[in-house]
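Below is one structure; the comments refer to it alone.
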Amino acid sequence: MSEQKEEYAPEVCCHCEGLGCLYCNKLGTVMVLQPSQKCKHCDGDCCIYCGYTGWEHPLRE
């Protein structure tokens with residue numbers, strides 16, 4: 001049985017639109033589980049469920 005490796009890729013932080021903020025560690029991007037999807041709770045408008053990044057399953061650093 002083979003295990004699939006989870007892949008993450010950088011996506012622009014929806015909270016700061018790439019300028020850098022507390023939620024993206026001032027990078028402007030967050031690592032998101034692929035395939036990337038906007039948060040189903042806020043549709044990318046940022047909420048507690050997406051860690052204010054706007055993305056489903058952001059990598060918590």
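What follows is calculated from the coordinates using simple rules that are stated; it is not laboratory data. From a predicted model like this one, the values you see are computed outputs, not experimental measurements. Backbone-built Cβ (ideal geometry, glycine too); neighbour counts: all protein chains shown.
Working only within the range 16-33, note down all residues that are part of a loop (DSSP other than H, G, I, E, B) and within 10 Å of the chain's Cα centre (by Cα).
Once the filter is applied, which keeps residues that are part of a loop (DSSP other than H, G, I, E, B) and within 10 Å of the chain's Cα centre (by Cα), the range 16-33 yields nothing.
Please go through the range 13-61 and pick out each residue that is on the phi < 0 side of the Ramachandran plot, among the polar types (S, T, N, Q) and surrounded by fewer than 15 Cβ atoms within 10 Å (Cβ to Cβ).
Passing the criteria: 34, 37.
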